[in-house]
Amino acid sequence: MTALTLINSCQATTCSFNHDGCAAGAITVAGTEQASCATFVQVDVRGGLESANGQVGACQHLECVNNANLLCQAQSIQISDAGACLSYQQA
C-alpha cells in the first residue's frame with residue numbers, strides 16, 4: 001500500500017480533531033466548489049488519535065494535480081482555518 005499523505009498543518013482550531021495538529025486517523029478531502037476537509041467536525045469534545053499526525057485517506061477532487069486514483073500524492077498538505085485544502089492545485 002502507498003503511504004498516505006501527511007497533514008503538515010491544520011489551522012481549523014474549531015475542529016474537534018485539531019489539537020496541536022490534526023489528530024484524525026485519516027481525513028477525506030471533498031467539497032463541491034472548493035477542496036476542503038470533509039472530516040471537519042465541531043463538537044464540545046476533542047477526538048482522534050493521541051498524537052497529531054493525521055493523514056489524507058481519500059481525495060474526491062480528480063482535477064487536482066496531486067490526485068491519483070482518488071488518493072493524494074502530495075508530500076504533505078495544509079488545511080486552513082475554514083477547513084480548505086491549501087495544497088489543492090487544479091490541473
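Cβ under 15 Å from C85's Cβ, C85 left aside: what net charge do those residues give with Lys, Arg +1 and Asp, Glu -1? Mind showing how you got there, number by number?
Numbers: positive: none; negative: E33, E63, D81.
Local charge sum for C85: -3.
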### Task
Could you run the Karplus curve 6.51 cos²θ - 1.76 cosθ + 1.60 with θ = phi - 60° over region 23-32 and give me ³J(HN,Hα) per residue in whole Hz, x for Gly and Pro?
9, 6, x, 7, 9, 10, 9, 9, x, 8
## Note on the structure
Interchain or sequence-distant (5+) residues whose placed amide H lies within less than 5 Å of the amide H of G31 are S36
### Task
Could you tell me what percent of the DSSP beta bridges with both partners in the chain are antiparallel, to the nearest 5?
60
## Note on the structure
In vacuo Debye sum over C-alpha of region 41-82, base-10 log of normalised intensity I(q)/I(0) at q = 0.14, 0.25, 0.29 Å⁻¹, listed in q order, is -0.45, -0.99, -1.09
#### Entry: Label-to-label distance, nm, for residues given as S9 and N53 (7 Å Cα→Cβ offset)
2.1
### Query
Binned at 5 Å from 0, what are the whole-percent values of the Cα-Cα distance distribution for the chain, short to long?
3, 17, 29, 26, 15, 8, 2, 0
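Each value in this text was obtained by applying a stated rule to the coordinates, not by laboratory testing. Remember, predicted model here, so these are calculated numbers, not experimental data. Here the Cβ is made from the backbone with ideal geometry for all residues, glycine too, and neighbour counts use every protein chain on show.
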